[in-house]
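What follows is one structure encoded as structure tokens, with my remarks underneath.
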Amino acid sequence: MGSKKTLILGYDAVSPLGTDLDTQWQRAVAGDSGIGKLTRFPLTADFPVRVAGQVADIDSRPYPFLQPREMAHWTSPIFKYALLVVHRALEKSGIVISADIAPRVAVTFSTAVGGLDAVLQADRLMVAEGKMPHPFTNPNSCINMVGGKVSILTHATGPICSTITACATGITSLIIGEMLLQRDMADVVIGGAVDFPLVEPIVAGFATMNGAYRPKEGQPEEPPEKTSRPFSINRRGFVVSEGAGCIILATEEFAKAHGLKPKIEMAGWSMTSDASHFVSPKLETVQRCIEETIANAGLRPNDIDAINAHATSTKVGDKVEADALSNIFGNKVPPVSANKSQLGHAMGASSAIEAILAIEGMLKDTLLPTINYIPDPEITIDCVAEGARKLKQEFALKNAFGFGGCNSCLILHRIA
């Protein structure tokens, strides 16, 4: 890490477990699943995916920036939920972005998938009815427009960039934000990610590449809540889900100057590239990312109290992550929570949402469970399978690994 402390001042999320953070936390502790039947679009008899993690609709009435007139052109759900979590995270942080601090507020809030639903809808209308696309079709699908809308909402005029590293996007947004703080390019960063990828060709595409969960051929459909099972011997791929998470970073100097008293520090990070297969992770570079993250925080492996895993529920991915942890920690791997067992995989937003749950767990001395777990003899780690566990945590490791070999990890440090 650099010479400045990077503090977490506020955060908020929506996920398949709920649209307010308290509900999500309570359901997570209870071992609930947010996975249900896929209803985002009509399913044909032969559509390969039948389950998903869906976010409930929200009451927009309390939020002027979400009123129909304001949102009429922004049809992709990524915008509504991104603006909501950013607004609530800023409220919780205690920061008011006034004209004097706006130039020092950066935006790294991003998305991995973007608003491809808008392009799909426009294409269907052109084919079926010969209608030209709505003028806002391209802005809806423009990958950096989420950050742009966040900056417009908040009036932040500092650096802005889209940090797209597939499923690691949420964590990468925090890492790039930390760089901006260390380079004195900003005092505050609005980080995180949003993804709503439950769009027919995207979901079907994950199935045809053998990534998304589907039942074993010839076997009956399983209860949706049982289908996401990271590290389990019977894991059969990830459950596609949706969500958004925002985390507000700031320098220690800014927090002190504004009378803010954060409880969590972003203490270290690393990024590596597999430079190998386009979706299958590589043990050596995944392991190096974790090792460098711990070293970057000035720590040793035995200083880590808990791990929030990437753990998508794929055969290869889970095994590589577990092997990397075993190689680093030996027979003393800290307890590992796999939140996707309850949330599914919200693409780039997953790591932001999971980091928020990890922070909540640190502040509440609680490890969230990995549900649906049946031990795999090739994976010898403690997955907190018995249910939520009480544990004080000073340092927690958060892992995130994305398509294209994009690896991003960070260390969270409880400081109060």
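No value in this document is a laboratory result; all are computed from the given coordinates. The shown structure was predicted, so the numbers you read here are calculated from the model rather than taken from an experiment. Note: ideal-geometry Cβ built from the backbone for every residue, glycine included; neighbour counts use all protein chains shown.
The relative contact order of the stretch 330-405 comes to 37 percent, based on Cα pairs under 8 Å that sit 6 or more residues apart. Here the Karplus relation 6.51 cos²θ - 1.76 cosθ + 1.60, evaluated at θ = phi - 60°, turns the backbone of the stretch 163-172 into coupling constants of 9, 8, 10, 6, 6, 9, 4, x, 6, 4 Hz, with x for every Gly and Pro. Taking the number of Cβ atoms within 10 Å of each Cβ as an exposure proxy, the fewest-first ranking of VAL194, VAL320, VAL333, VAL188 is VAL333, VAL320, VAL188, VAL194. Counting Lys and Arg as +1 and Asp and Glu as -1 over every other residue whose Cβ lies under 14 Å from the Cβ of GLY211, the net charge comes to +4. Once each part is reduced to its C-alpha centroid, what is the distance from the stretch 190-237 to the stretch 63-87 in angstrom? About 27 Å separates the Cα centre of the stretch 190-237 from the one of the stretch 63-87. Across the stretch 266-414, Cα pairs under 8 Å and at least six residues apart give a relative contact order of 37 percent. For VAL239, nonlocal amide neighbours, meaning residues 5 or more places apart or on other chains whose placed amide H falls under 5 Å from its own, are TYR213, HIS345.
From least to most packed, judged by other beta carbons within 10 angstrom and beginning with the fewest, LYS398, LYS392, LYS149 follow the order LYS392, LYS149, LYS398. Listed cross-link partners LYS256/LYS340; LYS80/LYS263; LYS5/LYS392 are compared with a 32 Å cut-off, the Cα-Cα value being larger for LYS256/LYS340. Over 30 Å apart at the Cα level, from the set LYS282/LYS364; LYS92/LYS282; LYS131/LYS216; LYS4/LYS92; LYS4/LYS364; LYS226/LYS282, are LYS282/LYS364; LYS92/LYS282; LYS131/LYS216. Each Cα pair under 8 Å and six or more residues apart adds its sequence gap; the mean of these over the residue count of the chain is a relative contact order of 23 percent. As a rough footprinting exposure proxy, the listed residues MET347, MET132, MET126 were ranked by other beta carbons within 10 Å of their own, and the order from fewest upward is MET132, MET126, MET347.
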